[in-house]
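**Q** Structure incoming, see below.
The values are calculated or read from the model by the stated rules, or taken from the named source; none is laboratory data. Since the model is a prediction, treat every value here as computed from it, not as a measurement. When we count neighbours, we look across all protein chains shown, and the Cβ atoms used for this are built from the backbone with ideal geometry, even at glycine. Protein only, heavy atoms only, side chains kept; ligands, DNA and RNA dropped before computing areas. Shrake-Rupley method; radii C 1.70, N 1.55, O 1.52, S 1.80 Å.
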Amino acid sequence: MNIFRISGDLMHLASILILLLKMHTSRSVAGISFKTQLLYAIVFTARYLDLFAHFTYSLYNTTMKIFFLVSSFYILYVMRTKFAATYSATQDSFRLEYLIGPAALSAFFLTEAYTFSEIMWTFSLALESVAILPQLYMLSTTGEAETITTHYLGALGGYRALYLVNWIYRYLFDNYFKFVPVLAGIIQTALYLDFFYIYVTKVLRGKKFKLPV
């Protein structure tokens, strides 16, 4: 554990709390991609299979894993039931097979060991690296988003960027390096670059998020 890992975890936690706040205060899931949330539920399920086998490394780790698992499925439940009327399926039209298929294939080529848990862990990293694409695609179709939605995405992107710094830190100071998490972190952070530019130059300055025409 280091400051970048902990900060990344807290940023991830903040992103989910912001999303839950947005849904329950506005009583709407408008602008939120159900497909991205579904991908995150798959990611956490595949990554945290050890929860069903034995107690993991620490109380902190176990608590965070349970929170991410439960909250991801709760978000799906809310989007499909309580606030279903506010969800726009026509705007959330990204094809998930373009993401799940390649992620599953890459897991077999990039895994460090051909065990079920290791393959699923690698699959979760590959899928998480592109899980935000349906949400970004949805933003591109609407052209704009509520401020609180952009804060959710900003926190989520910050979490991945901090995790990437965490891996660099571990390489420099702990002589520890894993290729797949670093590659996944680079891909996911790169996907956020356009969003980050608009977020920093507009949203954080009090302007409305709007994609350039």
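**Q** Considering THR63, THR141, which residue is within 28 Å of VAL180 (Cβ to Cβ), assigned to a helix (DSSP H, G or I) and either β-branched (Val, Ile, Thr) or in contact with a Cys (Cβ under 6 Å, 6 or more places away or on another chain) (or both)?
**A** None of the others qualify; the one that does is THR63.
**Q** With the condition kept exactly as written, say whether any residue in the range 156-176 is open to solvent by less than 40 Å² (accessible area, probe 1.4 Å), more than 26 Å from ILE3 (Cβ to Cβ) and either without any contact (Cβ under 8 Å) to a residue 24 or more places away in the chain or not in a helix (DSSP H, G or I) (or both).
**A** no
**Q** Based on what the data block shows, is TYR60 closer than 22 Å to GLY185 by Cβ and of a type in the set (Phe, Trp, Tyr)?
**A** yes
**Q** Is it the case that the range 202-213 has a residue that's in contact (Cβ under 8 Å) with a residue 60 or more places away in the chain, open to solvent by less than 10 Å² (accessible area, probe 1.4 Å) and either assigned to a helix (DSSP H, G or I) or closer than 18 Å to THR36 by Cα (or both)?
**A** Scanning the range 202-213, I find no residue that is in contact (Cβ under 8 Å) with a residue 60 or more places away in the chain, open to solvent by less than 10 Å² (accessible area, probe 1.4 Å) and either assigned to a helix (DSSP H, G or I) or closer than 18 Å to THR36 by Cα (or both), so the answer is no.
**Q** Identify, please: which residue in the range 37-74 is of a type in the set (S, T, N, Q) and at pLDDT 95 or above and is, among those, surrounded by the fewest Cβ atoms within 10 Å (Cβ to Cβ)?
**A** Among those that are of a type in the set (S, T, N, Q) and at pLDDT 95 or above, it is THR45.
**Q** Would you pick out the residues in the range 1-36 that are in a helix (DSSP H, G or I), of a type in the set (S, T, N, Q) and open to solvent by 10 Å² or more (accessible area, probe 1.4 Å)?
**A** Once the filter is applied, which keeps residues that are in a helix (DSSP H, G or I), of a type in the set (S, T, N, Q) and open to solvent by 10 Å² or more (accessible area, probe 1.4 Å), the range 1-36 yields SER7, THR25, SER26.
**Q** Only one of THR81, THR142, THR115, THR86 is surrounded by 15 or more Cβ atoms within 10 Å (Cβ to Cβ), more than 20 Å from the chain's Cα centre (by Cα), of a type in the set (Val, Ile, Thr) and over 25 Å from LEU10 (Cα atoms); which?
**A** Criteria check complete, one pass: THR86.
**Q** I'm told GLU128 meets every condition in (1) among the charged types (D, E, K, R); (2) under 22 Å from ASP50 (Cα atoms); (3) over 14 Å from the mean Cα position of the chain (by Cα); (4) open to solvent by less than 30 Å² (accessible area, probe 1.4 Å) except one. Can you identify the failing condition by its number?
**A** (3)
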